[in-house]
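A short write-up of the structure that comes next.
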Amino acid sequence: MISWRSATVVSVVRTWAGAVEVDVQLEPDSPAEDGTAGTVRALAYTDLTGAPDAGERVLLNVTAQVRGLGTGGYALVVARPDALAPDAPPGPGHLVKARYTPLQSMVLGVDEQESPDHETLQDADDLTGM
């Protein structure tokens, strides 16, 4: 199960390659059985959601945050409902990666047939000499 919250971005705290850290104000009607309320820090992975701006509505996944698990205390931005990111262009790879991210994305695995390293690994019995 996912613990969802809706919020509005109050301010952009900092940005770096692939991520934006924001402060968000949780919406009063956001389900918060755990008592989560007020302003929280959130992290948006820009390749997945784009970069949220102040005043923008966001949808958050707070499951790990509510349970005190490895998010560094961050809520995770799952979507910007009023500014959805465009569909990702089709590309190589068919592995679905979701670990420690708010959304699933497709990536190219080193052992996939489309990988430039596929031939190298195809007949390898171990990693010696690689």
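Computed from the coordinates by the stated procedures, all read-outs in this text should not be read as laboratory data. What you see is a predicted model; the values in this text were computed from it and never measured. In this analysis, Cβ positions are derived from the backbone assuming ideal geometry, glycine residues included, and neighbour counts consider all displayed protein chains.
You can think of it this way: the chain between A19 and A54 has 11.1 nm of extra reach, that is 0.36 nm per residue less the Cα-Cα gap.
If you plug the beta carbon distance of D87 and H118 into 1/(1 + (r/R0)^6) with R0 = 22 Å, you get a FRET efficiency near 0.25.
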